[in-house]
1. Please list 327-336, 290-299, 260-269 highest first by mean number of surrounding beta-carbon atoms within 10 Å per residue.
2. Points 7 angstrom from Cα along the Cβ direction at residue 41 and residue 252: gap in nanometres?
3. Take the Cβ-Cβ distance between residue 24 and residue 218 as r, set R0 to 30 Å, and report the resulting FRET efficiency rounded to the nearest 0.05.
4. Can you figure out the FRET efficiency of residue 58 with residue 324, using R₀ = 25 Å and their beta-carbon distance, to the nearest 0.05?
5. Near the amide H of residue 182, under 5 Å away, which other amide H atoms are found, from residues 5 or more places off or on another chain, if H is placed in the peptide plane?
6. What list do you get for 58, 185 if you sort them by fewest beta carbons within 10 Å?
7. Each label point is 7 Å from the Cα along the Cα-to-Cβ direction; what then is the distance between the points at residue 261 and residue 99, in nm?
8. To make sure I understand, if each residue's beta carbon is the centre and we count other beta carbons within 10 Å, what order do 195, 245, 53, 25 fall in, fewest to most?
Amino acid sequence: MTNPATPRAVTEAAELVLPLLPPQHLAAAASTGRSLRATASAVTARRAADAAHGLEPVPIPFRNCVDSKPYAYFLYTPFSLNRSSPGASSYGAQPWGGAWARPPSPTWPRPNLDGFPSAVCGCACEVGECGGPRCACADAEAGAAGLASEAGMGSLRECGDGCACAPSCVNRQTQHGVAVRLRVVRHLQKGWGLHAAEALGRGQFVCEYAGEFLTTEEARRRQKLYDELASAGKLSPALIVIREHLPSGKACLRVNIDATEVGNVARFINHSCDGGNLHPVLVRSSGSLLPRLCFFAAREIVEGDELTFSYGDARVRPNGLPCFCGSLQCSGVLPSEET
């Protein structure tokens, strides 16, 4: 006859298993007994304390004074990847809210997980020369953080996997995760939104838009499903399509990033019809074929401000989702485009 598990053994097992559960299963486990209820409550509190799952240099807490939702559940990745990338298969289950002796180490500097290596060679600069006039990765025409032009999308070149420099190189400013303090705040009409939890200076790097790289075919399939779910109020999709016209003018580079199920805190950035206070910048690194979409402060931002950007000036559908940005230029409908 086997001995029943001790309360301590049950608690230790729960601390290992419950952080793997989505909210509905976590709630079901909490209803089965006092010990599991206490553990589930602790898991919920730790999840609400850090939307980044411990994978960024600083925690990014949730704040909700609107309803009873303590956090938004999703799988976290600090950088974009595709399903065939090393490590992508592990996103079926991701522990979040466990009682670790110390938080998991941030996964920076980032490896090249986009799965699309580039043939472009990087620089071989001496220490301190990266980003300078003679650096092969320098982009003299881009201006500081690609913010030379206030309109449209900026561009920036950084050192990457093809360079001889170390991760501490000054020309890798977007490759070390979210280092500014942010919080995810619940809004009555807009749902979750990303806010500054400290003052940000103009041109300061805020975060990358991370998620899954998709083929155009897969992006169109998902967008059709997302539109149906969003119109029924069952989903807040976070699929973004970036189109960049090449210098020849005869071709267009298209990048699809879906942060709906797997993404980072940039998935909470809401649209603003006046352009918002974030400037989107396409960042290219040697050794990677696909550019990354990064956000920089377009102006001085004070603590507590919501962070927003324009989802685009694509056609506005009369039956599109309502926009609640509240700006003087608000059209009343979120931008939409054919994916």
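1. Output ranking for 327-336, 290-299, 260-269: 260-269, 290-299, 327-336.
2. 5.4
3. The calculated FRET efficiency here is 0.70.
4. 0.30
5. Those qualifying (amide H under 5 Å, at least 5 residues apart or on another chain) are 197.
6. Details: 58 15, 185 20.
Starting with the residue having the fewest Cβ neighbours, the order is 58, 185.
7. 3.2
8. Listing 195, 245, 53, 25 from fewest to most nearby Cβ atoms yields 245, 25, 195, 53.
Each reported figure results from applying straightforward, stated rules to the coordinates on display, with no laboratory input. No experiment lies behind these values; they were computed from the predicted model shown. Cβ coordinates were reconstructed from backbone atoms using ideal geometry, including for glycine residues, and neighbour counts include every protein chain displayed.
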